[in-house]
Every structure is written in structure tokens, then in C-alpha cells.
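The values are calculated or read from the model by the stated rules, or taken from the named source; none is laboratory data. For clarity, every value in this text was computed on a predicted model and none was experimentally measured. Every residue, glycine among them, receives a Cβ derived from its backbone with ideal geometry; neighbour counts consider all protein chains shown.
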């Protein structure tokens, strides 16, 4: 039980681990946990849209894909030019401590290899989460987000993710809640 408690504290570290790439974008900030949260939802949606895939595996890969960053920190693309995190050691050390560690290790290895359909969808979910964030920042006026979006879209591996990215880029990020512009927004209540 102590090791499982420690695992849960380790996972909680992701709430305090910042995603470091946003410092180069000039706006935005989120934790690794916040990134994982939406990535899981995206993986779930992509699995439904793709059909005939192991949805459980996709969502678990999305859940665990950045877990090693509790130990290594988040390295952005600039950092990765100069620093190499020993993700394998971080995953191996974690896997030795909990009874479900081998499953987490296998999911992360499969995600990183990116060879299975499930891994490609999970990797695309990871990129789509960035694409959504960048689109939100673009809609708020960050002009650098456009250039980043171009490269993020090029990293997508599946047709379903590319189709979703196209729709994301064509959609105003605030219209999910503000598309019905009526007098309600003046009075704040139904008549």
C-alpha cells in the first residue's frame, strides 16, 4: 500500500510540473497534468471516430504517456536539442515499485514506438491537445501560434486526427459556449 500511495503522490507531481514550451510562445501556461487531462478526452474521441481499435489501450496510453515527466521534468523542443532525459530509467524505476508497473511500462513503450494503430492515435491525441491550446491562444491574439500550428499539424499520423485538426483550425474556440448570441447575454436570465 505504501508504494501505491507513493505512486499517487508521484502522479500528483504532474499538477506542479509546468509544460515548458509555452515560455517560447510568449503566452499560456499549463501543467503536465492539465495537458494529460485533455489528451485523455481526445484519445477517447479519436478511438470512437477511428473505430475498430482498443479504446481502453488508447486512453491508458494517453493517461500515462507523460507520467515519466514527474521524474524527468518536461523538456520542450529547444531543451531536447541539448538535454536527453533518461525516460527509460524513469519508467523502469517506477514500474518496479507498483504491481501494475509492468503494464504502465508496456503502454509507455508502445506509445513511444508509435507503431500500433492505438499508439498512433494516442500520439495524435497528444499533438491535438497542443493544437487545441495553440488555437485558443491564436484566437486570443497570439500571432506566433500560427507558425507553431503548422508544425504540430504536420506531426499527425492518422487521417481521423488530420480531419479533426482541420475542423479545430476552422472553429472559433469560444463558440462552444458563445454561439447563440441573444438577449440572454444582456439580461442574464430566461424570459
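Please pick out the residue among 74, 66 that is crowded, with 16+ Cβ neighbours inside 10 Å, at pLDDT 95 or above and touching a strand residue (DSSP E or B) at 6+ places or on another chain (Cβ under 7 Å).
Just a single option satisfies the conditions, and that option is 74.
Residue 41 - would you say it is surrounded by fewer than 22 Cβ atoms within 10 Å (Cβ to Cβ), modelled with pLDDT under 95 and over 17 Å from residue 162 (Cβ atoms)?
Here the answer is no, as residue 41 does not meet what is asked.
Would you confirm, using the coordinates I've provided, whether residue 149 is without any contact (Cβ under 8 Å) to a residue 24 or more places away in the chain and surrounded by 13 or more Cβ atoms within 10 Å (Cβ to Cβ)?
yes
Grab the helices (runs of 4 or more DSSP H) fully contained in segment 1-85, keeping just those with 1 or more residues being within 16 Å of the chain's Cα centre (by Cα), in contact (Cβ under 8 Å) with a residue 12 or more places away in the chain and under 19 Å from residue 115 (Cα atoms).
32-50, 55-64
From the residues in segment 152-182 that are closer than 20 Å to residue 111 by Cα and in contact (Cβ under 8 Å) with a residue 40 or more places away in the chain, which one is surrounded by the most Cβ atoms within 10 Å (Cβ to Cβ)?
The selected residue is 161.
Scan segment 137-169 residue by residue and report those that are more than 30 Å from residue 54 (Cβ to Cβ) and assigned to a helix (DSSP H, G or I).
Residues satisfying the conditions are 137, 138, 139, 144, 145, 146, 147, 148, 150.
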